[in-house]
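A.B. asks: First the structure, then my questions, so here it is.
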Amino acid sequence: MKKLIALLLACVMVLGLVACGNTPAETTAAPEAGNDTPETTAPAAEGPEAITLKVWAPQEDQVDANAWLCQMQAAFQAAHPEYAITWDNGVCPEGDAATMVTADPAAAADVYMFANDQLGTLLQAGALAKLGGPFLEQVQNDVSATYVNTVTSTDGSVYGFPVAPNTWFMYYNKAIVGDADLTSMESILEKGIVAFEVKNSWYLPAFFFAAGGTLFGETGTDAAAGVQFGGEVGVNATNAVLDLLANPNFKVDGDGFGNAGLKDGTVAAYFSGSWDYAGLYEALGEDLGAVAAPTVMMNGAPAQLKAYAGSKAVGVNPNAKNMKAAMEFAAFLASADSQLVRFQLRNITPAVTALAENEAVAASIVAAAESATMANTSVAQPTIAEMNPVWGPVGTFGTNLADGSVTAENVAEMVDLLYTQLNEGGL
């Protein structure tokens, strides 16, 4: 690690304030005036291979030469003198990878970051290369089986390098909510306002999972198993949400309501992910807490809310012209040293198991909350393409809950409609 840090510092000093991307790693100086050299002189010794690597990553990772992607590119070039690399960088949020890459896979990035729920769509488009040899070994050795599963397709092959968890958990104000209250939604509501994104289809399924519902089987890869959010499962989950909506301290989150309320002290707890940490800590300091989701009363008993367990990963485009270098760079981005640097820069929890013992990572409340969620209170987020049509109906159902269209009187009817939409494509 010390060697990599020293290398990164040296690279950043060389780069100065030059933004990363579209910058050749090496340039050839023009001949000095009056020093004409005939083209017929002996050929120069064979040098590094000139290649271009197109890389797409979130904006936050490439804002300047000190950003994570830029540092890693400088370090990779320094570690691979056999290449003279021109970096062609573009902005692509992980959540938009499926849309941007599949628009034209042949023209897309050689290396890009993606949210694992898009795996099936990317594979259908022929836009992800299968890992093998030392690259597969790196993933299998560096991260837990939970993470490996997030980038494993139905054929049993691995198609990406996990670099971070992709899940949500509960932020809370320690000055309002005590430790003894954290495991029960009802207890937290007694202390103050709780905001939850009922209308968001990434959050609402937590209630259906708590009721025993499944998405495409136990592993999320069995398309024939369908979405089992109907019947008693759906009724129990929906009634639990309706009970909460009847509580004046339970608010439907949206448009930053929960985030702003936690910052100004009007909200006791809300649900989000690591991306909100910096702003929240700036506002609350040591009063900021983060834990896995609590239980909720359901059909007369506490039931554990469960978030999606996914990952953010680095993928390689099989259309890459320089496949070996592309795969090497993707593996480099996913290395333990690289993930630790990203954590230090952006507080993004690493996926590499060994980094949990790092002093700074171990002290992070976000890392602890994400790790606990991934291990104990989550359901694998499906990676198959059949997941794509699920988001719309679930989000619409949540909106109908929030606006009162779903009531105690029509729960069974509305749940049946949802089941039909999810499993038969009817809208």
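The values are calculated or read from the model by the stated rules, or taken from the named source; none is laboratory data. The shown structure was predicted, so the numbers you read here are calculated from the model rather than taken from an experiment. Heads up, the Cβs are rebuilt from the backbone with ideal geometry, glycines too, and the neighbour counts pull from every protein chain shown.
A.B. asks: Please indicate, with yes or no, whether at least one residue in segment 283-301 is among the hydroxyl-bearing types (S, T, Y) and either within 17 Å of the chain's Cα centre (by Cα) or farther than 28 Å from P382 by Cβ (or both).
C.D. replies: The initial filter retains those residues of segment 283-301 that are among the hydroxyl-bearing types (S, T, Y), namely 295.
Pick out the ones that are also either within 17 Å of the chain's Cα centre (by Cα) or farther than 28 Å from P382 by Cβ (or both) and you get none.
Taking every residue of segment 283-301 in turn, none turns out to be among the hydroxyl-bearing types (S, T, Y) and either within 17 Å of the chain's Cα centre (by Cα) or farther than 28 Å from P382 by Cβ (or both).
A.B. asks: Restricted to segment 127-139, and to residues that are surrounded by fewer than 22 Cβ atoms within 10 Å (Cβ to Cβ) and touching a helix residue (DSSP H, G or I) at 6+ places or on another chain (Cβ under 6 Å), which residue is nearest to N322 (Cα to Cα)?
C.D. replies: This residue is F135.
A.B. asks: Only one residue in V177, V143 is of a type in the set (A, V, I, L, M) and within 18 Å of G310 (Cα to Cα), so which one is that?
C.D. replies: Working: V177 fails: within 18 Å of G310 (Cα to Cα).
Within the list V177, V143, the selection yields V143.
A.B. asks: Right, next: If you take the residues in segment 92-127 that are touching a Phe, Trp or Tyr at 6+ places or on another chain (Cβ under 7 Å) and among the β-branched types (V, I, T), which one is nearest to Q381 (Cα to Cα)?
C.D. replies: Only one residue tops the list, namely V101.
A.B. asks: Taking the criterion of being part of a helix (DSSP H, G or I), in contact with a Lys or Arg (Cβ under 9 Å, 6 or more places away or on another chain) and either β-branched (V, I, T) or at pLDDT 95 or above (or both), would at least one residue in segment 366-380 satisfy it?
C.D. replies: Yes: segment 366-380 contains one or more residues that are part of a helix (DSSP H, G or I), in contact with a Lys or Arg (Cβ under 9 Å, 6 or more places away or on another chain) and either β-branched (V, I, T) or at pLDDT 95 or above (or both).
A.B. asks: In contact with a Leu (Cβ under 7 Å, 6 or more places away or on another chain) and over 21 Å from F332 (Cβ atoms): is that true of S153 in this structure?
C.D. replies: On the way: in contact with a Leu (Cβ under 7 Å, 6 or more places away or on another chain): yes; over 21 Å from F332 (Cβ atoms): yes.
Yes: the conditions hold for S153.
A.B. asks: Another question about this same structure. Enumerate the strands (runs of 3 or more DSSP E) found wholly within segment 280-322, keeping only those where 2 or more residues are among the aliphatic types (A, V, I, L, M) and closer than 21 Å to I188 by Cβ. Step through it out loud before you land on a result.
C.D. replies: Working: elements: 288-291, 295-298, 301-304, 307-316.
Ranges flagged: 288-291, 295-298, 301-304.
A.B. asks: State all residues of segment 396-425 that are closer than 10 Å to K199 by Cα and of a type in the set (S, T, Y); if no residue qualifies, say none.
C.D. replies: Step one: of segment 396-425, the residues closer than 10 Å to K199 by Cα are 396-403.
Correct list: T396, T399.
A.B. asks: So T349 fits all but one of (1) crowded, with 24+ Cβ neighbours inside 10 Å; (2) more than 14 Å from the chain's Cα centre (by Cα); what number is the exception?
C.D. replies: The failed condition is (2).
A.B. asks: Counting only residues that are hydrophobic (A, V, I, L, M, F, W, C) and either more than 16 Å from the chain's Cα centre (by Cα) or in a strand (DSSP E or B) (or both), which one in segment 188-204 is surrounded by the most Cβ atoms within 10 Å (Cβ to Cβ)?
C.D. replies: As a first pass, look at segment 188-204 and keep what is hydrophobic (A, V, I, L, M, F, W, C): 188-189, 193-196, 198, 202, 204.
Checking which are either more than 16 Å from the chain's Cα centre (by Cα) or in a strand (DSSP E or B) (or both) leaves us with 188-189, 193-196, 198, 204.
Values: I188: 23, L189: 21, I193: 21, V194: 26, A195: 26, F196: 28, V198: 24, L204: 23.
Of everything passing the filter in segment 188-204, F196 is surrounded by the most Cβ atoms within 10 Å (Cβ to Cβ).
A.B. asks: If a residue counts only when it is out of contact with any Pro (no Cβ under 9 Å at 6 or more places or on another chain), within 30 Å of A385 (Cβ to Cβ) and of a type outside the set (A, V, I, L, M, F, W, C), which strands (runs of 3 or more DSSP E) contained entirely in segment 39-144 have at least 3 such residues?
C.D. replies: Working: elements: 49-57, 83-91, 111-115.
Counting at least 3 such residues, we get 83-91.
A.B. asks: Related question: From the residues in segment 161-187 that are assigned to a loop (DSSP other than H, G, I, E, B) and in contact with a Ser or Thr (Cβ under 8 Å, 6 or more places away or on another chain), which one is nearest to A260 (Cα to Cα)? Spell out the reasoning first.
C.D. replies: Taking segment 161-187 first, the residues assigned to a loop (DSSP other than H, G, I, E, B) are 167-168, 174-178, 182-183.
Restricting the remaining residues to those that are in contact with a Ser or Thr (Cβ under 8 Å, 6 or more places away or on another chain) gives 167-168, 183.
Working: T167: 21, W168: 17, T183: 23 Å.
This residue is W168.
A.B. asks: Kindly check whether there is at least one residue in segment 206-220 that is on the phi > 0 side of the Ramachandran plot and either of a type in the set (A, V, I, L, M) or surrounded by 20 or more Cβ atoms within 10 Å (Cβ to Cβ) (or both). Explain how you work it out, then say what you get.
C.D. replies: Going through segment 206-220, the residues on the phi > 0 side of the Ramachandran plot turn out to be 212, 216-217, 220.
Those still in the list that are either of a type in the set (A, V, I, L, M) or surrounded by 20 or more Cβ atoms within 10 Å (Cβ to Cβ) (or both) too: 216, 220.
Checking segment 206-220: at least one residue is on the phi > 0 side of the Ramachandran plot and either of a type in the set (A, V, I, L, M) or surrounded by 20 or more Cβ atoms within 10 Å (Cβ to Cβ) (or both).
A.B. asks: Could you check segment 384-427 and list, in sequence order, the residues that are among the hydroxyl-bearing types (S, T, Y) and either assigned to a helix (DSSP H, G or I) or not assigned by TED's automatic domain parsing to the domain that holds N299 (or both)? Walk me through how you get there before you give the answer.
C.D. replies: To start, the set of residues in segment 384-427 that are among the hydroxyl-bearing types (S, T, Y) comprises 396, 399, 405, 407, 419-420.
Selection gives T396, T399, Y419, T420.
A.B. asks: Can you list residue pairs whose Cβ atoms sit under 6 Å apart, with the first residue in segment 129-144 being in the same structural domain as A106 (by TED's automatic domain parsing) and the second being assigned to a helix (DSSP H, G or I) and modelled with pLDDT of 95 or more? Count only pairs 6 or more apart in sequence or on different chains.
C.D. replies: That search, which allows pairs on different chains as well, returns F135/M327; F135/A331; Q138/A331.
A.B. asks: Next question. Of the conditions (1) surrounded by fewer than 21 Cβ atoms within 10 Å (Cβ to Cβ); (2) aliphatic (A, V, I, L, M); (3) under 24 Å from T349 (Cβ atoms), I176 clears all except one; give me its number.
C.D. replies: Every condition holds for I176 apart from (3).
A.B. asks: In this structure, is N259 outside any loop (DSSP other than H, G, I, E, B) and over 25 Å from the mean Cα position of the chain (by Cα)? Even if it seems obvious, please write down each step before you answer.
C.D. replies: Working: outside any loop (DSSP other than H, G, I, E, B): yes; over 25 Å from the mean Cα position of the chain (by Cα): no.
Answer is no for this residue.
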